[in-house]
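What follows is a single structure, written as structure tokens, with notes after it.
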Amino acid sequence: MNRLYLDWNATAPLRPEAKAAMAGAMEVVGNPSSVHAEGRAAKALMERARAQVAAAVGCAPDNVIFTSGATEAASVLSRLPQGYDVLVDPTAHDCLWAHFRSGGGAESGHTLAWGLANNETGIITEPKRAAEGGWEYYSRRADWLLLDIVQAVGKVPFSFAWSGADMAIVSAHKFGGPKGIGALILRSGLDIQPYALGGGQEMGRRAGTENLIGIAGMGAAAEAAARDLANGVWDEVAEVRNILESELSAGSNKTISVGNGLPRLPNTLCLIAPGWKGETQVMAMDLAGFAVSAGSACSSGKVRPSRVLTAMGFDEALAAQAIRVSIGPGVTKDDVGRFAKTWTAAYAKALARAA
Ligand code: PLP
């Protein structure tokens, strides 16, 4: 059976450019910290990747600190001085949410951790836009702003320098790089407690020999992602997503398309199907050959309704009946048409069973 991968927000397929760069990096013998020719070659590869990532996110290469991913990068939030509150946007990813820390007292400083593009709904809340609403409350209180740009990079234009953020977190596998490599983008002049102590790598911020293969793959993916974005590749993706959205919504007058009409990532569709559990939808679609994801999180065998959707005001029942379909370049109208047909028939069956 031909499977169709529609879960790009969980992880995107590895780009051929990243694969080639990684294969090249495997041939490099040196340690980037060594002073001999082999070491310098490794270092040059790493610095090239740093510049590629910097160009893709709109910052200087010196602002890029390579980490094992966005989750590690976000753990900077637990390395802030004592007494710092960490305020977290309620729809933010768990890797930020886990660091929520309040109660430092009136005297304490504040950091706001904000998700620019939501992984479940694709809704984009830009700092400028937020300034008109919720952001104002925070900006009066926040000394530092950390932006989670994991889902935005390569899909929508973004510039760290322009954003006014102090920190940003990035993960390579969301834009076609390998898994397990990412970066903290740190504004010049801002200091943090290092992620790890030791050899002083990454400008003293994260000791340990760098993951050169992963870094090379991340750099190549960042460059390719920026090129695709500039070439309008994601405009076509948005067209396919919109077709999918209207086909799924046409099948039933009950569905709720979350974020329709709001600024959204071009590739994401979050759909609530009342009467049909998200987890059941995922399993039914998996059996039919489609990889999608539920808008709910599962931990220790217990399915919880999506925190993102409940924070948006949906009740728990609806929040547990959402699926996320996330696509990318190369997913065609025919592909999503096939999915829509299968999903619509399965939903009708599920409703008939429940009646
Ligand atoms: N932030 C967002 C918005 C994400 O979607 C993800 C991945 O799911 C992360 C952060 C964490 O990325 P990683 O698991 O690669 O560290």
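The values are calculated or read from the model by the stated rules, or taken from the named source; none is laboratory data. Keep in mind the model is a prediction, meaning the values are calculated, not measured. Glycine also receives a Cβ, built like all others from the backbone with ideal geometry; neighbour counts cover every protein chain displayed. For accessibility, only protein heavy atoms count, side chains too; no ligands or nucleic acids. Shrake-Rupley method; radii C 1.70, N 1.55, O 1.52, S 1.80 Å.
Would you check which residues across the stretch 20-36 are open to solvent by less than 70 Å² (accessible area, probe 1.4 Å), out of contact with any helix residue (DSSP H, G or I) (no Cβ under 6 Å at 6 or more places or on another chain) and either in a loop (DSSP other than H, G, I, E, B) or touching a residue at least 40 places away in the same chain (Cβ under 8 Å) (or both) and list them?
Pass one, the stretch 20-36, residues open to solvent by less than 70 Å² (accessible area, probe 1.4 Å): 20-25, 28, 30-32, 34.
Restricting the remaining residues to those that are out of contact with any helix residue (DSSP H, G or I) (no Cβ under 6 Å at 6 or more places or on another chain) gives 20, 23-24, 34.
The answer is Ala20, Gly24, Ser34.
Looking for something in a loop (DSSP other than H, G, I, E, B), free of Cβ contacts under 8 Å to residues at least 60 places away in the same chain, open to solvent by less than 20 Å² (accessible area, probe 1.4 Å) and more than 23 Å from Ala320 (Cβ to Cβ) - is there at least one such residue anywhere in the stretch 256-271? Break it down into steps so the answer makes sense when it comes.
Just the residues of the stretch 256-271 that are in a loop (DSSP other than H, G, I, E, B), to begin with: 259-263, 265-267.
Still in the list and also free of Cβ contacts under 8 Å to residues at least 60 places away in the same chain: 260-261.
After this cut, where a residue has to be open to solvent by less than 20 Å² (accessible area, probe 1.4 Å) as well, the list is none.
No, the stretch 256-271 contains no residue that is in a loop (DSSP other than H, G, I, E, B), free of Cβ contacts under 8 Å to residues at least 60 places away in the same chain, open to solvent by less than 20 Å² (accessible area, probe 1.4 Å) and more than 23 Å from Ala320 (Cβ to Cβ).
Conditions (1) modelled with pLDDT of 90 or more; (2) under 30 Å from Thr209 (Cβ atoms); (3) within 15 Å of the ligand (Cβ to nearest atom); (4) not β-branched (Val, Ile, Thr), marked per residue:
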{"site": "Ser75", "(1), (2), (3), (4)": "yes, yes, yes, yes"}
{"site": "Leu80", "(1), (2), (3), (4)": "no, yes, no, yes"}
{"site": "Glu107", "(1), (2), (3), (4)": "no, no, no, yes"}
{"site": "Glu120", "(1), (2), (3), (4)": "yes, no, yes, yes"}
{"site": "Ala131", "(1), (2), (3), (4)": "no, no, no, yes"}
{"site": "Glu136", "(1), (2), (3), (4)": "no, no, no, yes"}
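List pairs: first in the stretch 306-319 and open to solvent by 10 Å² or more (accessible area, probe 1.4 Å), second not β-branched (Val, Ile, Thr) and not in a helix (DSSP H, G or I), Cβ under 7 Å, 6+ apart or cross-chain?
Final answer for the pair search is Ala311/Pro90; Glu316/Pro305; Leu318/Pro274.
Test each condition in (1) in contact (Cβ under 8 Å) with a residue 40 or more places away in the chain; (2) open to solvent by less than 20 Å² (accessible area, probe 1.4 Å) for Gly39 and report the one that comes out false.
(1)
Taking the stretch 50-99, which residues are without any contact (Cβ under 8 Å) to a residue 60 or more places away in the chain, open to solvent by 30 Å² or more (accessible area, probe 1.4 Å), under 20 Å from Gly115 (Cβ atoms) and not in a helix (DSSP H, G or I)?
Tyr84, His93, Ala98, His99 - these are the residues of the stretch 50-99 that are without any contact (Cβ under 8 Å) to a residue 60 or more places away in the chain, open to solvent by 30 Å² or more (accessible area, probe 1.4 Å), under 20 Å from Gly115 (Cβ atoms) and not in a helix (DSSP H, G or I).
Could you tell me whether Ile124 is in contact with a Gly (Cβ under 7 Å, 6 or more places away or on another chain), open to solvent by less than 40 Å² (accessible area, probe 1.4 Å) and modelled with pLDDT of 90 or more? Walk me through it before giving the result.
On the way: in contact with a Gly (Cβ under 7 Å, 6 or more places away or on another chain): no; open to solvent by less than 40 Å² (accessible area, probe 1.4 Å): yes; modelled with pLDDT of 90 or more: yes.
No.
If a residue has to be β-branched (Val, Ile, Thr) and within 13 Å of the ligand (Cβ to nearest atom) to count, how many in the stretch 58-73 make the cut?
So the first thing to find is which residues in the stretch 58-73 are β-branched (Val, Ile, Thr), and the list is 64-65, 67, 71.
Within this subset, residues satisfying the condition of being within 13 Å of the ligand (Cβ to nearest atom) are 67, 71.
The qualifying residues number 2.
Please name all residue pairs, on different chains or six or more residues apart, with Cβ atoms under 6 Å, provided the first residue is in the stretch 179-197 and is open to solvent by less than 40 Å² (accessible area, probe 1.4 Å) and the second residue is modelled with pLDDT under 90.
Partner pairs satisfying both residue conditions: Ile192/Arg79.
Considering only the stretch 216-224, I want to know if a residue exists there that is open to solvent by 20 Å² or more (accessible area, probe 1.4 Å), more than 28 Å from Pro81 (Cα to Cα) and away from the ligand (no atom under 16 Å from the Cβ). Let's see the steps before the verdict.
The first filter runs over the stretch 216-224 and keeps only residues open to solvent by 20 Å² or more (accessible area, probe 1.4 Å), leaving 223.
Now narrow it down to the ones that are more than 28 Å from Pro81 (Cα to Cα): 223.
Cutting the leftovers down to away from the ligand (no atom under 16 Å from the Cβ) gives us 223.
Checked against the condition, which is being open to solvent by 20 Å² or more (accessible area, probe 1.4 Å), more than 28 Å from Pro81 (Cα to Cα) and away from the ligand (no atom under 16 Å from the Cβ), the stretch 216-224 yields at least one hit.
Spot the failing condition for Asp228; the list is (1) modelled with pLDDT of 95 or more; (2) open to solvent by 40 Å² or more (accessible area, probe 1.4 Å), and only one is missed.
(2)
Got a sec? Which of Ala172, Ala168 is under 11 Å from the mean Cα position of the chain (by Cα), within 13 Å of the ligand (Cβ to nearest atom) and either open to solvent by 10 Å² or more (accessible area, probe 1.4 Å) or modelled with pLDDT of 95 or more (or both)? Give the derivation first.
On the way: Ala168 fails: under 11 Å from the mean Cα position of the chain (by Cα).
On inspection, the qualifying residue turns out to be Ala172.
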